[in-house]
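Novice: Pasting a structure here, questions to come.
The values are calculated or read from the model by the stated rules, or taken from the named source; none is laboratory data. Because the structure is predicted, anything quoted here is derived from the model rather than measured. Note that each Cβ is placed from the backbone with ideal geometry, even for glycine, and that neighbours are counted across all protein chains shown. When the accessible area is computed, the model is the full protein with side chains, heavy atoms only, and any ligands, DNA or RNA have been set aside. Shrake-Rupley method; radii C 1.70, N 1.55, O 1.52, S 1.80 Å.
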Amino acid sequence: ARGLHILAVIAWMAGLLFLPRLYAYDAEQADKPEPLKTEMRTLLRLWQGRLLKIILNPAMILAWIMGLWLIHLDVQSRGAAFLAEPWMVTKLVGVLALSAWHGILVGERKRILAANSQKTGKFWRMTNEVPFVLAIVMVLSVTLEWRL
C-alpha cells in the first residue's frame, strides 16, 4: 500500500506542477495571430483535458485511497494517537491544501473553456511552484517526524 501511495503522489505532483504551465502557455496565446492562436489553444486544451482525466484525477483519488488505507493500518497497529502528532497534522493539512489547489486548477480549466479566465501567464508561472513548496513541507514533516 505504501508503494502505491508514493507512486500515486508522484504522479499527482507531476500533474499539479505541469498543468499550471499549460495554463500559462494558453493564456499567452491571446496576443498571437490567427490561425496559430486557435491551433495552439486547441492543442493546449486537449493536453489540459488529458492531463486532468488520465493522470491528475486518477492519481489524486489513488493517493487519497492509499493514504487513508495506510492511516487505517497504522491506527489498527498502534492506535490513533499519531494522528495528533504535529508532523502528521502538518502532512494532513498539506494534503488538504494540495487537494484545494487541485480543485482550483479544475475550476480554472472550466473558466478557460468558457473563455472566462482572468489569469495571466505570469500568474500561472508565479503559482506553479505551490505544490512543490507544499511537498517540501510535507516530506520534511513526515521524514523528520517533527514534534513540539
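Novice: Give the Debye-formula value of log10 I(q)/I(0) at each listed q (0.15, 0.25, 0.27 Å⁻¹), with one equal scatterer per alpha carbon of region 1-73, two decimals each.
Specialist: At q = 0.15, 0.25, 0.27 Å⁻¹ the computed log10 ratios are -0.57, -0.99, -1.08.
Novice: Would you mind computing, in nm to one decimal, how far apart the modelled labels at L17 and M40 are, each placed 7 Å from Cα along Cα→Cβ?
Specialist: Going by the 7 Å Cα→Cβ label model, 2.4 nm.
Novice: Assuming R0 = 30 Å, can you tell me the calculated FRET efficiency for the pair T127 and A81, based on Cβ-Cβ distance, to the nearest 0.05? List each step's numbers first, then the result.
Specialist: Details: r = 36 Å, r/R0 = 1.20.
Efficiency at R0 = 30 Å is approximately 0.25.
Novice: Under a 1.4 Å probe, what is the accessible area of region 3-56 per residue, stated in Å²? Before the final figure, lay out each step's value.
Specialist: On the way: 3000 Å² over 54 residues.
Here the per-residue accessible area is 56 Å².
Novice: A further question on this structure: Going by accessible area, probe 1.4 Å, with all protein chains left in place, what is the ranking of M60, M88, largest first? Could the numbers behind the result be given before it?
Specialist: Numbers: M60 40, M88 15 Å².
Final ranking, largest accessible area leading: M60, M88.
Novice: At a probe radius of 1.4 Å, what is the per-residue accessible area of E28, in Å² to the nearest 10?
Specialist: Surface open to solvent at E28 totals about 70 Å².
Novice: Return the lysines within reach of K110: Cα separation strictly under 21 angstrom, same-chain partners fewer than 8 residues apart disregarded; answer none if there are no such residues.
Specialist: Once the sequence-local lysines are set aside, what remains near K110 is K37, K53, K119, K122.
Novice: Round to a whole angstrom and tell me the spacing of the C-alpha centers of region 80-107 and region 1-50.
Specialist: Centre-to-centre distance over Cα atoms comes out at 23 Å.
Novice: While we're here: Carbon and sulfur atoms: what percent of the 1.4 Å accessible area of region 1-86 do they account for?
Specialist: Details: 3470 of 5040 Å².
After summing per-atom areas, the C and S share lands at 69 percent.
Novice: What FRET efficiency do you get for R111 and V137 if R0 is 41 Å and r is their Cβ-Cβ distance, rounded to the nearest 0.05?
Specialist: Working: r = 28 Å, r/R0 = 0.69.
In this case the efficiency is close to 0.90.
Novice: Would you report the distance distribution of C-alpha pairs in the chain as whole percents per 10 angstrom bin, up to the bin with the largest distance?
Specialist: 11, 37, 28, 16, 7, 2, 0
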